[in-house]
Amino acid sequence: MFRVAYVNGRYRPYREAMVHVEDRGYQFSDGVYEVCEVREGHLVDERRHLARLRRSLDALKMAAPMTDAALATVLRETVARNRVRNGIVYLQVSRGVARRDHAFPAAHTAPAIVVTARQLDRSRQEREAAEGVAVVTLPDNRWGRVDIKSISLLPNILAKQAAREQGAREAWFVDRDGFVTEGSSSNAWIVAQDGTLLTRPADQGILRGIARTVVLDVVKGHGLRFQERPFTLEEAYRAREAFMTAASQIVLPVVRIDGRPIGRGMPGPIATALRHDFHQYAEVSRA
Ligand code: PDD
């Protein structure tokens, strides 16, 4: 399959898509990113992803590489050139190229931007969602600004690898007080024993996932009982249902946590319904 990547103003064949050795993203993880779902060739929740990108850039005092309208054009063009129907588009912005020095480079240094897109196997994703997946838990050892969607992801990478080595799909981080924070690349949810849907408030040590925001709208639309509050690992073990949310997988039911079956050990009705209705509540770019 012929693929192209957008790199600093040009669409390049994959083989030739390179960043500079002194790109601060490469040197310091000094950058931010977004992952947006592509569905039937359209971007899902592009507006919210671009708004969050802007927030991440501002939080790190980084300049935006271009206007939102121009970014939207590049995202669409990259999706179209790679002929992605169902998959993801990835956007990364770094603080640019400069001689290695921890402090910020000169103010005129242009941010560097990369956009890629790829097809995901829809039927495989559907199978995975129908079966449900396993999660393991680990202490949350990340920095205090996980609300910024930064490319500094070492703890997340190590957690995901630990999950994979234990045959699990995702790792959920647990804070010092025994509360689940979020997954290594997803937000965490449970349906507690009393039927209340629980997810951690987005101002407390998690990334405010776009899929999370959409699911909250679905929850309200369905009139389901829910509470945004931290839940403990013990509550998760005893939950009726558990699931995770992220742009790349929407709502993915969790059927085992640390080897213990959740509920009846299969995807529950609430997670299944939220997954089913997700795209009725998401914003789809029609351009
Ligand atoms: N991950 N929490 C973390 C730590 C994440 O990395 C992600 C997304 C989420 C969910 O955010 P959203 O619903 O906006 O995708 C929560 C992306 C998909 C990734 O790193 O590939």
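The values are calculated or read from the model by the stated rules, or taken from the named source; none is laboratory data. Keep in mind the model is a prediction, meaning the values are calculated, not measured. So basically every Cβ, Gly included, is an ideal-geometry build from the backbone, and we count neighbours across all protein chains shown. Each accessible area value is taken on the protein alone, full model and side chains, heavy atoms only, with ligands, DNA and RNA left out. Shrake-Rupley method; radii C 1.70, N 1.55, O 1.52, S 1.80 Å.
Annotations
- Between A247, A202, A188, A236, the distinction of being more than 10 Å from the ligand (Cβ to nearest atom) and either aliphatic (A, V, I, L, M) or touching a Leu at 6+ places or on another chain (Cβ under 6 Å) (or both) belongs to A236 only.
- Single residue of segment 80-93 satisfying the filter (of a type outside the set (F, W, Y) and within 16 Å of the ligand (Cβ to nearest atom)) that is most open to solvent (accessible area, probe 1.4 Å): Q92
- Within segment 246-261, considering residues that are within 14 Å of E126 (Cα to Cα) and not hydrophobic (A, V, I, L, M, F, W, C), the one surrounded by the most Cβ atoms within 10 Å (Cβ to Cβ): P253
- Among the residues of segment 209-231, just one is surrounded by fewer than 16 Cβ atoms within 10 Å (Cβ to Cβ) and either within 12 Å of the ligand (Cβ to nearest atom) or among the polar types (S, T, N, Q) (or both), namely Q227.
- Of all the residues in segment 1-36, those that are open to solvent by 30 Å² or more (accessible area, probe 1.4 Å) and in contact with a Gly (Cβ under 8 Å, 6 or more places away or on another chain) number 1.
- Residues within segment 211-258 that are without any contact (Cβ under 8 Å) to a residue 24 or more places away in the chain and within 30 Å of Y90 (Cα to Cα), tallied: 2
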